Amino acid sequence: MTTLTGRIIHAGEASGVALVSTAPISFFGGLDLETGVVVEKGHPLEGECVTGRVLVFPRGTGSTVGSFALLRLTRTQRGPAALVMESCDTTVAVGAIISEIPCVDRIHLPAITPGARITVRGAEVHLEGIGS
């Protein structure tokens, strides 16, 4: 198992399969809030569902309403299990905190393979089946 260590935005523990994006994500307008599916045209994750996945992405984008969009996704059980990022912006930070989603930033994203099994525990991101 390989462990990456970042900065805690919202502490917690969650596991899931990595859904990795090379592009920023907008939770308001970029995702269908009823289904958790990425609907932004041309986005690398277009058509993918974030529900129950560990969402790995560089940073958020879009308006501050994205915080409440993330909360809505979580309250309807359509949200991601955890958020792993390079740089957490305030919109995603607030969304993670009010939604109680484990969130870590300052993570080197190329180390994470799409589809890998990940456990986020505090500041640590454990990648199963990689390395030793």
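Restricting attention to segment 100-115, the residues being more than 12 Å from the chain's Cα centre (by Cα) and farther than 17 Å from P58 by Cβ number 2. Screening the candidates T113, T35, T74 for the property of being touching a residue at least 12 places away in the same chain (Cβ under 8 Å) and either among the hydrophobic types (A, V, I, L, M, F, W, C) or within 23 Å of T3 (Cβ to Cβ) (or both) yields one hit, T113.
Only residues that are within 16 Å of A23 (Cα to Cα) and buried (at least 16 other Cβ atoms within 10 Å of the Cβ) were counted across segment 110-132, and they come to 1.
Being out of contact with any strand residue (DSSP E or B) (no Cβ under 9 Å at 6 or more places or on another chain), at pLDDT 95 or above and more than 30 Å from M1 (Cα to Cα), is that true of even one residue in segment 20-27? Within segment 20-27, none of the residues are out of contact with any strand residue (DSSP E or B) (no Cβ under 9 Å at 6 or more places or on another chain), at pLDDT 95 or above and more than 30 Å from M1 (Cα to Cα).
The values are calculated or read from the model by the stated rules, or taken from the named source; none is laboratory data. Everything quoted here is computed from the prediction, not taken from an experiment. All Cβ positions, even for glycine, are placed from backbone atoms using ideal geometry, and neighbour counts span all protein chains on display.
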